[in-house]
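The values are calculated or read from the model by the stated rules, or taken from the named source; none is laboratory data. On a predicted model such as this, the values are computed, not experimentally measured, just so you know. Here the Cβ is made from the backbone with ideal geometry for all residues, glycine too, and neighbour counts use every protein chain on show.
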Amino acid sequence: MENTLDKNYFSSVHHYLEQLGWLHENSNRHESNTDAEQEARIPLAEYEQVLQAGAELTNDPLFGFHLGQQIQSADYGVLGYLVESCENLHQALMALLRYDQLVASIGQAQFHQQDERAVIAWVPNSRTSRHVILRNMTAWVALVRALLTQQASPERVDLTCSLSRAESSELALWFGCPVVGSQHCNQIVFQRAYLSLPFRRANCVMHEALQRLSDKALAQLQQHHTVATQLRIMLAARRDLSDCRLDRLAGELNKSVRQVQRQLKQCNTSYSQLLTEERLRRTQDLLGTMALAELARELGFNEQAAFNKAFKRWFGCSPGKFSKQKQNTEDF
């Protein structure tokens, strides 16, 4: 179900408020032992309301950040335990990319590597509150730090929400790197070498069992998603777009190409349009971070000339001219 959260992730907000000595007036609203209610997911709007109420009760403008610091594996449900069992950070990030929707289908986790750095990003499905963003980005780092066998900090954290100078300083002290607000995307940049860092609770047997369980849970969840949403999630989770033929993705959905095309038409879109949307998003994020030929391959173009032609159609100019205009704007 789109724009919903797992009950465990939602309930942990109430648990945090209880630890602080506060009880939200609706804190017991979702406490139930019936199977149907245990499996229920929480709408994003309700989650945002509870986070805002928590911020007001505690008079804490960084409520989402402080909440994220308290994350436990159990708050992520089966995904938390799957991440715990991973061999290293790279395997954990791959699990996050594939199964993040189990925790909260309110955005898309994305990952890419550039030179000696790696980037994990989160793109909300729609405009959301600063506390949602702060909790999400902080919790990722807090959980990984708890599982690594050695200390590690990002090189930079970018957030789309605005931050005062004092707030940026507090976040930078905890993250161990500059934290910049009002950016175009939410992302954590770190050393690529960190990907091989081992996890203290690695267990390959448990990992395989939890992965099977996660696959089953994801399949059940995706039954409630439109085909368009499922494909957006699948495209965003791909390391690159070099092998994203519709027949391959349709097969992963256990559907025929014709079925997918018909259902996309009902959503007033097409696979070509979805692929273009993802290419546009990645182009804006990656342009200037790698050679154009490499970027073209990353986006699934067979030749740079084809990428250049598509780029001009999207932005009305060549990649070089666009980069120059962007640099001039930033300098100004």
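Remark: Leu159 falls outside the filter, which requires a residue to be out of contact with any Cys (no Cβ under 7 Å at 6 or more places or on another chain), outside the structural domain of Asn59 (by TED's automatic domain parsing), in contact (Cβ under 8 Å) with a residue 24 or more places away in the chain and within 30 Å of Thr283 (Cβ to Cβ).
Only one residue in Ala55, Ala40, Ala36, Ala45 is closer than 18 Å to Ser129 by Cβ, at pLDDT below 95 and either under 27 Å from the mean Cα position of the chain (by Cα) or loosely packed, with under 15 Cβ neighbours inside 10 Å (or both), so which one is that? The match here is Ala45.
The set of residues in the range 58-94 being farther than 12 Å from Val144 by Cβ and among the hydrophobic types (A, V, I, L, M, F, W, C) consists of Leu62, Phe63, Phe65, Leu67, Ala74, Val78, Leu79, Leu82, Met94.
For the range 37-67, a residue qualifies if it is assigned to a loop (DSSP other than H, G, I, E, B) and of a type in the set (A, V, I, L, M), and the qualifying residues are Ala40, Leu62. For the range 248-279, which residues satisfy the criterion of being touching a residue at least 12 places away in the same chain (Cβ under 8 Å), of a type in the set (Lys, Arg) and in a helix (DSSP H, G or I)? Scanning the range 248-279 gives a single hit, Arg279. For Ala121, the requirement of being among the small types (Gly, Ala, Ser) and at pLDDT below 95 is met.
Filter the range 148-162 for residues that are aliphatic (A, V, I, L, M) and buried (at least 22 other Cβ atoms within 10 Å of the Cβ); which is farthest from Val83 (Cα to Cα)? Filtering the range 148-162 for residues that are aliphatic (A, V, I, L, M) and buried (at least 22 other Cβ atoms within 10 Å of the Cβ), the one farthest from Val83 (Cα to Cα) comes out as Leu159. Among the residues making up the range 176-204, those that are assigned to a loop (DSSP other than H, G, I, E, B), on the phi < 0 side of the Ramachandran plot and among the small types (Gly, Ala, Ser) are Gly181, Ala202. Of all residues in the range 58-90, those that are more than 17 Å from Ser129 (Cα to Cα), among the aliphatic types (A, V, I, L, M) and over 18 Å from the mean Cα position of the chain (by Cα) total 1.
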